[in-house]
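Undergrad: Right, I'll just put the structure down here and ask away after.
The values are calculated or read from the model by the stated rules, or taken from the named source; none is laboratory data. These figures come from a predicted structure and were not determined experimentally. Cβ atoms come from the backbone with ideal geometry, glycine included; neighbour counts cover every protein chain shown.
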Amino acid sequence: MYQDILTMCWSIKEVNKNLSDRKQLADYSIKYLKNACSELAEMIKKVASSRPEEQIVVITKNSHKKSFALREVVEMLYDPRKIVELNLIDNVDRWARSEA
């Protein structure tokens, strides 16, 4: 499961990185990002069901550390503002690497 989460994080980061390069595909890319974040949320929800006490340490852009339960992270993955504000994809990636 962690490898799938890592692959999804990589994919999201790559599409996001290339978003500005391809103006004609911007609408498609944004739709992909929304769907990918939803799929990532479902993957994390599966982990959360078997490990309800598991938390992800998030390092904010201001270098502050905050811990969030996986169920909270699942909810945040549906909020584009939270994804950007908390650098959520990179933090989920870091967590999955430490667990893999």
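Undergrad: Under 8 Å between Cβ atoms, which residue pairs at least 6 apart in sequence (or on different chains) link something in region 49-62 that is among the hydroxyl-bearing types (Ser, Thr, Tyr) with a partner that is part of a loop (DSSP other than H, G, I, E, B) and surrounded by 10 or more Cβ atoms within 10 Å (Cβ to Cβ)?
TA: So the pair list comes out as THR60/LEU86; THR60/ASN87.
Undergrad: Now a separate question. Could you check ASN62 against (1) at pLDDT 95 or above; (2) over 17 Å from GLU39 (Cβ atoms); (3) not hydrophobic (A, V, I, L, M, F, W, C) and say which number it fails?
TA: ASN62 satisfies all of (1) at pLDDT 95 or above; (2) over 17 Å from GLU39 (Cβ atoms); (3) not hydrophobic (A, V, I, L, M, F, W, C) except (1).
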